[in-house]
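Report on one structure; see the data block that follows.
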2 protein chains.
Amino acid sequence: MKRTALIGHLNDTHAHQTVTLQGWVNRRRDLGGLIFLELRDRSGLVQVQVEPDSPAFAEADRLRAEYVAEIEGTYQPRPEAQRKGGAADFEVIATRVRVLNTARTTPFELDKGDSVSEDIRMRYRYLDLRRPEMQRNLMLRSRAVAAVTAYLDREGFVQVETPMLTKSTPEGARDFLVPSRQNPGEFYALPQSPQLFKQMLMIAGYDRYYQLARCFRDEDLRADRQPDFTQLDMEMSFVEQDDVLAIQEGLMAHVFRETLGVELPVPFPHLPYFDAMNDYGSDKPDLRFDHKFVDVTDLFQGGEFKAFAEAQTVKVIAAPELTRKQIDELERVAKQNGARGLAWLKRDGDGFTGGVSKFVTAVAPELLARTGVGQGGTLLFAAGDWKKAVSALGAVRLALRDLFDLTAGGPQFHISWVTDFPQLEFDEDSGTWTYMHHPFTAPHPDDLALFGTDRQGEIRAQAYDLVLNGFEIGGGSVRIHDPAVQAQMFAAIGFSEEQARDKFGFFMDALEYGTPPHGGIAWGFDRLIMVMSGASSIREVIAFPKNNRGVDLMAQAPSPVDAAQLAEVGLEVALPANPVAMASE
Amino acid sequence: MKRTALIGHLNDTHAHQTVTLQGWVNRRRDLGGLIFLELRDRSGLVQVQVEPDSPAFAEADRLRAEYVAEIEGTYQPRPEAQRKGGAADFEVIATRVRVLNTARTTPFELDKGDSVSEDIRMRYRYLDLRRPEMQRNLMLRSRAVAAVTAYLDREGFVQVETPMLTKSTPEGARDFLVPSRQNPGEFYALPQSPQLFKQMLMIAGYDRYYQLARCFRDEDLRADRQPDFTQLDMEMSFVEQDDVLAIQEGLMAHVFRETLGVELPVPFPHLPYFDAMNDYGSDKPDLRFDHKFVDVTDLFQGGEFKAFAEAQTVKVIAAPELTRKQIDELERVAKQNGARGLAWLKRDGDGFTGGVSKFVTAVAPELLARTGVGQGGTLLFAAGDWKKAVSALGAVRLALRDLFDLTAGGPQFHISWVTDFPQLEFDEDSGTWTYMHHPFTAPHPDDLALFGTDRQGEIRAQAYDLVLNGFEIGGGSVRIHDPAVQAQMFAAIGFSEEQARDKFGFFMDALEYGTPPHGGIAWGFDRLIMVMSGASSIREVIAFPKNNRGVDLMAQAPSPVDAAQLAEVGLEVALPANPVAMASE
């Protein structure tokens, strides 16, 4: 039998018609001699009624939760009084029932999936994936893939698959290794990204490239990390930064429109890295709400309040009225993020009480004017080294967001560019300069003269991040296409020519054979879908994820293998005496 | 400067207009004081003329082959006499030239790429990929991806990404292993296919699934194999075989129409496995030409020609007139494919000469009538065990195709289904039964009673292959959804319950929780694009392939890694005394 339609696609036109449906028994109730079934497929639910004198009754009576059934019956409007509009206004009066398969009692109730331990959900992922929330997430993801493909194909982007068995790439995380049987003792690396290959495709003249690329990083895992993840990877030739951003805005708006019916305002606002940090304490600020920092460094300079007087930066954020307990919690957040403490004040009339109020008497009117803090409201201060102070206060800002649901009145989605990142960062630990994006990012042409000087920290990169609701969902740059600039960049980060050649020799060769100006971007596709779907973790938008020990609890991977299989690739296991210490490295 | 358009997109509407173009110098000639450049991008070529008194001349004079240039000029129709229709009727009279990048002299001339050793092409793949043939192949592939995505999205298929770091899958080739740092001494396997995961998605209620899936098999490589390759993987619930085939036909027709403008006639013809073997000696017959075998077993039964008289099967194929040398070559082919020899006859008047003619006098009229061989034409015979005889003659049939270009008059593409494969094959070497597709393929319901009997070789599988121009470009089956049938199947191939659980336990568990009837297919996407583009190897449709030693000559992968990096995953290299012997296993 063919089904009439997916359950969710039934509508008024099917009223009083005979329909055939196939799906899972979501629930069974027996009432007054009748059997009431909820039949579920990926598109929705429908109530099925089986009357005691129906020829379908005996077979229907076999049905239990999660059995697979085919049901033929009349698609019937419910009595007038029970109608609420929508699909639930109809039920099916069964005339024929077929059990297509039985099911064991599930280890957890699917509609209580939210309260089940994640380990159980992962072990029985095929059941967890039946939950409507998971189906909605994965179907959103699928529609986003189709929207991306259609848009980029139309815009002349060429989809190219880059190698999965390759050599180390420049991201600098740990590689996953793959031993080679044909070349024993040698290893492929799984790609951390297709960065070098996509640049090589530009050198090869492909002009516009995209790929939904599986990438691999052997890092310790967090809520929004997985050992393998998906990037929407793109690259364009003969472009400047603005050209890349314009295409991205069109694409992102298309994806939101096609999948969620949401219109994103374009162009997206631009926020230079310095402003993002200075005003919001983050290079990926959540701009669904404002709560911008107010700079009050000048008010305290040379004053009697030593902690502020000598600080490079004093920033303040105006919060609602806070309990002492809340302030303590926020101070903990500030300290976790590098502050030594969190000074505070409570507005009381035209002045302040509590916290550091005795130090601010002189500047109270100015503080009131600049912050506009409301009666009873709290001011929270971070003081010290600029980067540390703003970062700590940025974390406090997000904690306030969660505490007071500050995004409630704002837009559902806020997307912006963060631009003008520094090209180089000084790493205090190693005492060396390092790249901020990756070593192929082009510096701003006006700043080239700063390479090799003590001002190279001021070199601006032609790099940009795409920030959605406080998540970095994409990052990219214009790339270096001049071998001489590439050499300057390697020198700036302390790579000898030999080191550079050892790591990227084939790419440096390629650069010399006619490289067009080019640039691109990669979206963290899992993270984008997570934010779009409102999920709390990328594990909610990946069909079969690993847990934070890198384990697939369902398939039981990884697992030991035969010594013979290892011998084929020229390896043997050599565990240290204490493997636990090793694992926690 | 923004370019006006890609070169290939310029047309009559640009005539006499100022255009800006960007691309590579394909060729430079100096003639009569003028510079003639061919400028190339991925879409085409245009001739650029730079006059000696042009302000562009000095910069143009810097240009060499493969330099990157931006050229502004007038898009000018050529003199009437030189026009041939099409883009070559125009040239650009340059008014401004900018060198965007220089290029070293390339290690081979791009327009002689066909005659360069494959090693050189692979080492400089970024140059090889500039050749128009390669660009055409990869752009065809990209358009096919977009066509597939659009079609399947419209048909309600959900794109789902399955794990790359997983456990052994049932294809039975060698796995590539990935050591786990978080779980030292344990290994992930790279997927040989998403088979179990896609079936699990059906159990999870996703109804229709697809994915362009990267798959990995550690096999010794041939022209149409790569260690990592791409499958278009699909699965559907609540379907029977015909439902799967109908969707596939619609999809394939859509892909051919959108990419090549070719209309494939649907539905595709069906050929049962037995007929394909019996008539063409192949389970993937090239049907662009006929040359069907003629069965003449009965003509020789019990006769005096012992070699034929006692044979299970005697098949003959009618060929054009052949030289003795050609016959010897075809006999070599037959022997390579399991025949003991290749008997032949040449038609001469109403009889035969040469070869085995003295044995056929009695049956000559019947041979003439059945084969219809032309005057001077040759009959080629294979005799013996049915499978060996037809297989050998099938190879001869393909050799005749290549020798006489037999496909020339036929359709450019011939696509068909091969169906009704045997469920089980008897492996003479091991003396055991094994699966023909994989152990999850559903047997024909009418044949279930044959399991465990001495006739289990007659069980038909609900399996089907998609055959294009003699290449298997897809294969699939209806799957087992009944745990009891799955147990029968495991028993038939000699898997103990413990062995089955050890390999597929998580999947066998899943089967018991409400599995819908389902089936699917996977296309060998690389091979499909190879056949569509007319390329001779899948390496011509993969951007960065490995050679047949599994080596990426450009990136120099695989390569040795530090002992410290191996220690992190709990391994050390343990090469045998003679690594060469190992590698050639």
Vicinal HN-Hα couplings computed from phi for segment A:84-93 (Karplus, 6.51 cos²θ - 1.76 cosθ + 1.60; Hz; Gly/Pro x):
10, x, x, 4, 5, 6, 10, 9, 10, 8
Around A:R181, which amide H atoms from residues at least 5 apart in sequence, or from another chain, sit under 5 Å from its own amide H, with H modelled in the peptide plane?
none
For A:E366, place a label point 7 Å from Cα along the Cα-to-Cβ direction in every copy; what are the distances to the other copies, in nm, shortest first?
11.7
Quick one: with label points 7 Å out along Cα→Cβ, list the inter-copy distances for A:L260 in nm, shortest first?
4.2
What residues qualify as long-range amide H neighbours of A:A5, i.e. H under 5 Å apart, gap of 5 or more or another chain, H built at 1.01 Å from N?
A:T20
How many partner chain Cβ atoms sit within 10 Å of a residue's Cβ in peptide A:152-159, on average, as a whole number?
5
Using packing as a proxy for protection, rank A:5-14, A:459-468 so that the peptide with the highest average count of other Cβ atoms within 10 Å comes first.
A:459-468, A:5-14
P(r) of chain A over all Cα-Cα pairs, 10 Å bins starting at 0, rounded to whole percent, reads 3, 13, 19, 21, 19, 14, 8, 3, 0, 0
Least to most buried among B:V390, B:V333 (fewest other Cβ within 10 Å first)
B:V333, B:V390
Which value, in debye to the nearest 20, gives the size of the charge dipole of chain A about its Cα centre, when Lys and Arg are +1 and Asp and Glu are -1 at the Cβ?
2060
Grab segment B:275-404 and count how many Lys pairs have their alpha-carbon atoms under 17 Å apart, sequence gap of 8 or more, or different chains.
17
Determine the shielding of peptide A:423-436 by partner chains: average, over its residues, the number of Cβ atoms on other chains within 10 angstrom of each Cβ.
0
Report, in deg cm²/dmol and to the nearest 500, the calculated mean residue ellipticity at 222 nm for chain B, where each DSSP H run with n ≥ 4 adds -39500 (n - 2.57) and the sum is divided by the residue count.
-8500 deg cm²/dmol
At the level of C-alpha centres, the distance separating segment A:357-410 and segment B:74-101, in angstrom, is 65
Scattering from the C-alpha atoms of the protein assembly as shown alone, worked out with Debye: what is log10 I(q)/I(0) at q = 0.05, 0.06, 0.08 1/Å?
-0.43, -0.62, -1.06
At the level of C-alpha centres, the distance separating segment A:248-269 and segment B:295-324, in angstrom, is 70
Phi-derived 3J(HN,Hα) across segment A:155-166 with the Karplus relation (6.51, -1.76, 1.60, θ = phi - 60°), rounded Hz, x for Gly and Pro, is 8, x, 7, 9, 7, 10, 8, 9, x, 8, 10, 9
at A:P560 the sorted inter-copy label distances (label 7 Å from Cα on Cβ side), in nanometres, are 3.0
Ranked from fewest to most other Cβ atoms within 10 Å of their own Cβ, A:W344, A:W523 fall in the order A:W344, A:W523
So what's the angle, to the nearest 10 degrees on a 0 to 90 scale, between helix A:483-492 and the longest Cα principal axis of chain A?
80
Alpha-carbon centroids, segment A:457-509 and segment B:534-554: separation in whole Å
29
Would you work out if segment B:438-585 is rounded, prolate or oblate? Take a ≥ b ≥ c from the square roots of the eigenvalues of the alpha-carbon gyration tensor; rounded if a/c is under 1.5, else prolate when a/b is larger than b/c, oblate otherwise.
oblate
How much space per residue, in cubic angstrom, does the convex hull of the C-alpha atoms of segment A:289-404 take up?
88
Can you tell me the 0 to 90 degree angle between the C-alpha axis of helix A:132-154 and the longest principal axis of chain A, rounded to 10?
60
Counting Lys and Arg as +1 and Asp and Glu as -1, what is the net charge of the other residues whose Cβ lies under 10 Å from the Cβ of A:S391?
0
Tell me, B:E51, B:E91 in order of fewest to most beta-carbon neighbours within 10 Å?
B:E51, B:E91
Kirkwood-based shape ratio for segment A:7-101, expressed as Rg/Rh from alpha carbons
0.93
Relative to the longest principal axis of chain B, what angle (0 to 90°, nearest 10) does the C-alpha long axis of helix B:497-511 take?
60
Count, for each residue of B:128-141, the Cβ atoms from other chains sitting within 10 Å of its Cβ, then give me the mean as a whole number.
3
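Values in this text are rule-based calculations from the coordinates and carry no lab data. Please read these numbers as outputs of a predicted model, since none were measured by experiment. FYI the Cβ positions are ideal-geometry reconstructions off the backbone, even for glycines, and counts take in every protein chain you see.
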